[in-house]
Structures are given as C-alpha cells and as structure tokens.
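Below: the structure, in structure tokens.
The values are calculated or read from the model by the stated rules, or taken from the named source; none is laboratory data. These figures come from a predicted structure and were not determined experimentally. Positions of Cβ are generated from backbone atoms using ideal geometry, with glycine treated the same way; all protein chains shown enter the neighbour counts.
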C-alpha cells in the first residue's frame with residue numbers, strides 16, 4: 001500500500017522555482033480533472049440554473065408586489081434589483097457548499113491517494129479544487145445575468161464592473177468550496193456530509209443580506225450577518241452589478257474580508273486534507 005505521506009525532506013530538496021512550478025502544475029491538473037467531469041456531464045449546470053430562475057421569477061416577483069417594500073431606504077428602489085445580486089451569491093453558495101462530496105468520492109475510488117503522493121504541496125490541491133469550483137460559479141453568474149436582463153433589472157454592464165464581478169464570483173466560490181472540503185475532511189462519509197451541508201446552507205443564506213437588508217433584521221441577527229462572509233460578497237455584488245448602487249460596507253472591506261476568510265479556509269483545508277485518506 002502506497003503511503004500518503006510525503007518524504008520528510010522532499011520540500012527542502014526542491015528549489016523555490018521547482019516548488020512554485022510543481023504547485024502551479026498541480027493546480028492546473030486538479031482543475032483540468034474537475035472540468036473534464038463537468039464537460040462529460042453538463043447537466044449539473046442546467047439543473048442548477050433552475051434554482052435562481054425560481055427565486056427571481058417566483059419569490060422575487062411576489063415580494064416585489066409587497067406595498068412599500070421598494071421604498072424601504074435600505075433597498076432604495078425596485079425589489080428585484082435588490083434581489084438579483086443576492087440570488088447570484090446564493091447560487092454560487094449552493095453550488096460550492098456541496099463540492100466536498102466529490103473529495104469523498106475520490107477517496108473511495110482511490111484517486112485521492114494518488115493526489116497525496118504527488119510532489120506538489122497540499123495547498124496546491126486545495127487551490128485546484130477552488131479554481132474548478134469557480135468555473136461552476138461563473139456558469140451560475142451567466143444564468144443570473146441573462147434572467148436579470150430579461151426581467152428588466154438595471155444591470156451595470158461596464159466591462160470593468162463585469163471583470164470585477166467575475167473575480168468576486170471566483171473568490172466566493174473558492175471560499176465556500178474550500179469550506180465544503182473542510183467539512184468533508186471532518187465527517188469523511190457521504191451521508192454525514194449531506195446532512196451537515198443541508199444544515200449549514202440555509203443559515204448561511206438567510207443570515208445574510210441576500211434577500212433582505214441587514215437594517216430590518218433583529219439586533220442579534222445583524223451581528224450574525226455582519227460576521228457572515230456571504231453578506232460581504234452580496235454587498236460587493238450589488239455595488240458592481242447594478243446602476244446607482246454603492247457598497248454599504250465599502251468595496252475594499254468586502255474584498256478584504258473575503259480574501260482573509262478564503263486564506264484561512266485554505267490553510268485549514270491544507271492541514272486537514274491528508275486526513276481524508278485515513
């Protein structure tokens with residue numbers, strides 16, 4: 001049986017250039033493998049497109065009819081405009097949060113053991129998973145943008161804004177997929193993972209500013225929402241996706257929070273990832 005532990009002096013034997021080269025190659029290889037799965041079975045993208053469509057067409061249209069909701073200062077306009085960035089962030093969250101189950105499948109099929117004996121650092125494996133998750137997130141973004149345009153939502157299609165939205169989606173998707181990987185490393189079975197994932201998804205979503213502003217929440221929920229990274233992703237998306245909208249926290253703070261949380265998640269996942277083979 002091949003050991004999943006690297007030779008103790010492997011890292012020291014490589015020059016910084018070799019280390020970086022191996023890391024980039026490992027990230028590329030893991031990302032490519034994940035994208036190959038998606039190309040062979042693209043139905044996941046189409047099935048996941050149904051969820052944001054339902055939220056925008058049903059929930060959004062109904063809530064937009066609530067008298068006075070659009071005049072709420074924190075919303076400041078049509079409710080569908082307010083909702084669209086939140087549904088985009090939600091779609092990315094729901095696609096990413098169950099990403100860790102793929103790592104459990106890889107463990108069961110023996111693929112993970114082969115990853116573990118590669119010379120690249122474990123962080124490259126984690127970042128490769130995060131990068132491939134970002135592609136799924138961008139597919140969700142395309143669906144939400146098309147629906148938003150059809151519904152007459154005031155989208156800001158400035159190329160710089162679109163590029164910034166792409167970066168935010170990639171960052172948010174990487175963050176929550178890495179969080180999902182941490183859960184997989186802790187629970188180690190598909191059954192437990194599905195249960196924990198379902199328990200966590202809704203609180204993360206509803207304890208954010210995705211479908212209602214923080215200002216109308218109870219005080220205790222405002223505290224939770226401000227500690228929720230999804231709130232910062234939604235806040236930044238509203239400022240970048242829509243005309244005439246500004247970030248309530250500040251775009252710099254939004255990005256900083258997401259980057260710091262992502263870095264922490266990568267560090268934790270890197271440490272826990274080898275345990276999945278045990």
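The figures follow:
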| read-out | value |
| --- | --- |
| Single residue of 34, 61, 25 found to be surrounded by fewer than 16 Cβ atoms within 10 Å (Cβ to Cβ), part of a helix (DSSP H, G or I) and modelled with pLDDT under 75 | 25 |
| Residue within region 134-155 that is closer than 22 Å to residue 249 by Cβ and within 14 Å of the chain's Cα centre (by Cα) present | yes |
| Top-ranked residue of region 202-220 - restricted to ones that are touching a residue at least 60 places away in the same chain (Cβ under 8 Å) and in a loop (DSSP other than H, G, I, E, B), ranked as surrounded by the fewest Cβ atoms within 10 Å (Cβ to Cβ) | 213 |
| Verdict on residue 239 being part of a helix (DSSP H, G or I), modelled with pLDDT under 95 and closer than 28 Å to residue 80 by Cβ | yes |
| Counted residues, region 142-157 - those being at pLDDT 90 or above, out of contact with any helix residue (DSSP H, G or I) (no Cβ under 7 Å at 6 or more places or on another chain) and assigned to a loop (DSSP other than H, G, I, E, B) | 1 |
| Residue in region 229-236 that is out of contact with any helix residue (DSSP H, G or I) (no Cβ under 6 Å at 6 or more places or on another chain), assigned to a helix (DSSP H, G or I) and either at negative phi or modelled with pLDDT of 95 or more (or both) present | no |
| Any hit, region 171-181, residues being in contact (Cβ under 8 Å) with a residue 12 or more places away in the chain and more than 14 Å from the chain's Cα centre (by Cα) | no |
| Condition met for residue 163 (surrounded by fewer than 16 Cβ atoms within 10 Å (Cβ to Cβ), in a helix (DSSP H, G or I) and at pLDDT 90 or above) | yes |
| Hits in region 136-154 - residues which are under 12 Å from residue 95 (Cα atoms) and crowded, with 17+ Cβ neighbours inside 10 Å | 136, 137, 139, 140, 141 |
| Scope region 77-121; condition in a helix (DSSP H, G or I), buried (at least 18 other Cβ atoms within 10 Å of the Cβ) and at pLDDT below 75; matching residues | 112, 115, 116 |
| Hey, residue 252 within 15 Å of the chain's Cα centre (by Cα), assigned to a helix (DSSP H, G or I) and surrounded by fewer than 22 Cβ atoms within 10 Å (Cβ to Cβ) or not | no |
